[in-house]
Structure formats: C-alpha cells, structure tokens
Amino acid sequence: MARVVFDNVRKEYEDSKRGSFTAVAGSSFTIEDKEFVVFVGPSGCGKTTSLRMIAGLEKQTSGDIFIGDRIVNNLHPKDRDIAMVFQDYALYPHMTIRENLSFGLKNLKKPAAEIEQKVRAASAILGFDDMLDRKPRELSGGQRQRVAVGRAIVRDPQVFLFDEPLSNLDAKLRIQMRVELSELHKRLGATIVYVTHDQVEAMTLGERIVVMNKGVIQQIAPPTELYNKPSNMFVAGFIGSPAMNFMDAVVDGGKITIDGGRSFVLSDQTAKALRGYQGKPIILGIRPEHIFGEDFALHVAHDHKMMAPVQVVENLGSENLVYFRVGERTVTAKVHPETTAAVGQLKSFVLDLSKAHYFDPATEQRIVSE
C-alpha cells in the first residue's frame, strides 16, 4: 500500500457557455499509508473530480499528485497501481462471478494458479464462495457490490478508490455494506479513498474526512473533530443529522441576545473570546440534540431557557424532532420521545450552551466553542 499526496492540485474546465470554471482549487493534503479517507460534500463540490485525478481519469491543470514515492502526473490509469469501485458495479453481465473477478488478472497475463488463489482469497473475505458460478443478474444489489469490491481486491493495488459505491443500495443494505467495508479495511490494511455525498456514510467510515464545497477544501479532520470543532458554518451545517441550527444574535456584555429578545449569560471563557464582538451581530450555532424540552432537561442549566410556538412535530419512535421559529430562522430540537409537544403549543426549550458554537457572520468562520 502507499500514501497519496496532492501538492497544490488545481483542475479547471472550459465551458462554451460559462467560460472556464474551477472544479478543484489548489488542493494540498496527504492521505497516509493504510488510511481510510472519505471525501464528502454536495454535488459539484469537486470530490469526484479529485478521485478521478488520483485514478488518472482526469488530468489536473496544475500541481503534482504522488502515489507512494512516484509522481503520477503523466502515468496512465493502468500504470498507477490503483483499483476503482464504481456506484454502478460495472460487472460484465455475460460472465460468471469467477470470470468477472479474474478478468483483469487475465488481461495482465498472470499465471492461472495465481489468479485462482487470488479469486479464492477475495471470495473468502467477502463471503461468496458458493456464488462463483452465478451471473450478476442472479445476485442482489448488495451481492453485486461485493463482487465489484472483490474485483478490486484481487488486483492487490497500492490504493483503493471508491466512487459513491453504496448510492444504488437501499437504506438497510447501505448500513450492512458500511459495516462490511469497515471490516474489510481493517483486514486488508489498505489505503482507501472514498467519495460520497452522504455525511452519515462519511462519519461512520472515514478515519479522516475531507469536506469540500465549490472546489475548495473546507476542513480535513477525524469525524469527532468535524462534529465538535467545525471550522466554519458550512462544515457545521453539513456534518450532523439533523443539521446544526443557526440563530442570529448580538453580543451584549457578558450576555448574548438571540433574535427575538431572549438573552443568555455567557461563560467567562466565551465572553472573553467574544469581547471583540461587543454590540455586533454574531451567529449562534447549536445542534438539535443540545436543545431539550424543559421537562427532560435534567442536566442543563435552566437559565438558558426560551419559549417558542411549535410548528411541526416528527415522531420517529426513539426520538421526536420538534421545529419552532426563532426570529427569521426555523430551529430543530431532537427531544426525548416522551416530550409533550403539539403544533401551535407555546413550548419551553432549554439550550445547552456548553455545546454551542459561535460564528462570524461576515466570514462564517467559527470563533469559539466552549
């Protein structure tokens, strides 16, 4: 296996209508040997373009790409020692699973004994020993995706590249395949670069996550750091489900006044960090799970309480999502399932400000998190 390095890599496209536009803007990062790194972001953010540049399917406009100790700028995909798994499986329908797995190795003119050994090893890892003589049409979506992964495994590449491989599966199969991919990574000790638009998938799979937006890397960090210390409002709003709430506020001495007039006392640490914003607007960010119905806010200071009319209640069984308005923004609370809340009811909510984040409204960068 090997590490992957982007050194100020940029990708621009020419468009007849829009002129040139930047898909990836000067990215620099290192994916360490045997690391599982996930690229995540909305459509058009540059994550798939980055993956395709590693694979050699796209040529960067400038900058250098390294796989291991080699600079691969001018190497064809077949010479980069990578294996790629696509979202549409890309299996040959007329071939058996055994033939699909061995096809690439036969093209490389590997010995028959080596091919058989590698096919058997991949089959044992992924659990389809009894399906090797079936055709793809005889398999479920999850089984087909396992075969696509197996075809990559038999190559024994330096780097595995996954391009949204689970997006065609139903919710239950996606969860199952996430577990299998995590176990596979541990078993193989492989370098894996994985692209997805699903932030839950990113959080559960990645050792580190690269969050992108509009061609720019917003933050690279382990999942817990992205969740607890997002660098800006985009990362804060993209990571976490439901998304982080944002409220317009003004700093007033040792207090913060939220749009609508409710003031909360700040801790000394936060008040000190926000002293440059006295009398100025600020954005308060707080996750839905850190807002409680007053009747179940047992461990939270009740002086951080506010009243608001309930707009919508979603009963999910294990929890309720309660939506209410604060100024011009809709706020979501993820509350205990026994919390009583009815549409139109004036409900008391308690905010755990020890988990709050504060953002500069001009730059959208995070100022402080207690």
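The values are calculated or read from the model by the stated rules, or taken from the named source; none is laboratory data. Please read these numbers as outputs of a predicted model, since none were measured by experiment. Quick reminder, even Gly has a Cβ in these numbers, built from the backbone with ideal geometry, and neighbours come from all protein chains shown. Just the protein is used for accessible areas: all its heavy atoms, side chains included, with ligands, DNA and RNA removed. Shrake-Rupley method; radii C 1.70, N 1.55, O 1.52, S 1.80 Å.
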Of all the residues that make up the stretch 272-303, how many are at pLDDT below 90 and open to solvent by less than 30 Å² (accessible area, probe 1.4 Å)?
3
May I ask you to list pairs of residues, at least six apart or on different chains, whose Cβ atoms are under 8 Å apart, with the first in the stretch 326-338 being within 14 Å of VAL312 (Cα to Cα) and of a type in the set (S, T, N, Q) and the second being open to solvent by 20 Å² or more (accessible area, probe 1.4 Å) and part of a strand (DSSP E or B)?
THR330/GLN311; THR330/TYR323; THR332/TYR323
All conditions in (1) closer than 16 Å to ALA83 by Cα; (2) open to solvent by 30 Å² or more (accessible area, probe 1.4 Å); (3) part of a helix (DSSP H, G or I) are true of LEU105 except (2)
Per the list (1) of a type in the set (A, V, I, L, M, F, W, C); (2) touching a strand residue (DSSP E or B) at 6+ places or on another chain (Cβ under 7 Å); (3) over 26 Å from GLY26 (Cβ atoms), residue check on VAL193 breaks on (3)
Select, from GLY240, GLY317, the only residue that is loosely packed, with under 13 Cβ neighbours inside 10 Å and over 14 Å from ASP352 (Cβ atoms).
GLY317
Output the number of the condition that ILE256 fails; it satisfies all remaining conditions of (1) surrounded by fewer than 17 Cβ atoms within 10 Å (Cβ to Cβ); (2) farther than 30 Å from MET203 by Cα.
(1)
Of the conditions (1) open to solvent by 40 Å² or more (accessible area, probe 1.4 Å); (2) assigned to a helix (DSSP H, G or I); (3) modelled with pLDDT under 90, the single one that VAL119 does not satisfy is (1)
Taking the stretch 94-141 as the search range and keeping residues that are more than 22 Å from GLN176 (Cα to Cα) and of a type in the set (Gly, Ala, Ser), which one is nearest to the chain's Cα centre (by Cα)?
GLY104
Failed item in (1) open to solvent by 20 Å² or more (accessible area, probe 1.4 Å); (2) touching a residue at least 12 places away in the same chain (Cβ under 8 Å); (3) of a type outside the set (Ser, Thr, Tyr); (4) within 27 Å of PRO361 (Cα to Cα), with MET212 passing the rest
(1)
Does VAL147 qualify as being open to solvent by less than 10 Å² (accessible area, probe 1.4 Å) and either at pLDDT 95 or above or out of contact with any strand residue (DSSP E or B) (no Cβ under 9 Å at 6 or more places or on another chain) (or both)?
yes
When the residues of the stretch 91-102 are narrowed to those that are more than 12 Å from ARG144 (Cα to Cα) and not in a helix (DSSP H, G or I), which ends up most open to solvent (accessible area, probe 1.4 Å)?
HIS94
Complete set of residues in the stretch 142-169 that are more than 18 Å from the chain's Cα centre (by Cα) and of a type outside the set (A, V, I, L, M, F, W, C):
GLY142, GLN143, ARG144, GLN145, ARG146, GLY150, ARG151, ARG155, ASP156, PRO157, GLN158
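Open to solvent by 20 Å² or more (accessible area, probe 1.4 Å) and assigned to a loop (DSSP other than H, G, I, E, B): does that describe ASP88?
yes
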Give all pairs with beta carbons closer than 6 Å in which a residue from the stretch 168-182 that is within 14 Å of MET203 (Cβ to Cβ) meets a residue that is outside any helix (DSSP H, G or I); count only pairs at least 6 apart in sequence or on separate chains.
ARG174/LEU166
Given (1) under 21 Å from SER43 (Cβ atoms); (2) in contact (Cβ under 8 Å) with a residue 24 or more places away in the chain; (3) touching a Ser or Thr at 6+ places or on another chain (Cβ under 8 Å), GLU201 misses just (3)
Selection count, the stretch 137-184, where residues are under 20 Å from GLU32 (Cα atoms) and not in a loop (DSSP other than H, G, I, E, B):
11
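Quick grid of which residues meet (1) under 25 Å from the mean Cα position of the chain (by Cα); (2) in a strand (DSSP E or B):
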residue	(1), (2)
SER318	yes, no
LEU321	yes, yes
PHE324	no, yes
THR330	yes, yes
LYS334	yes, yes
THR339	no, no
VAL343	no, no
PHE349	no, yes
TYR358	yes, yes
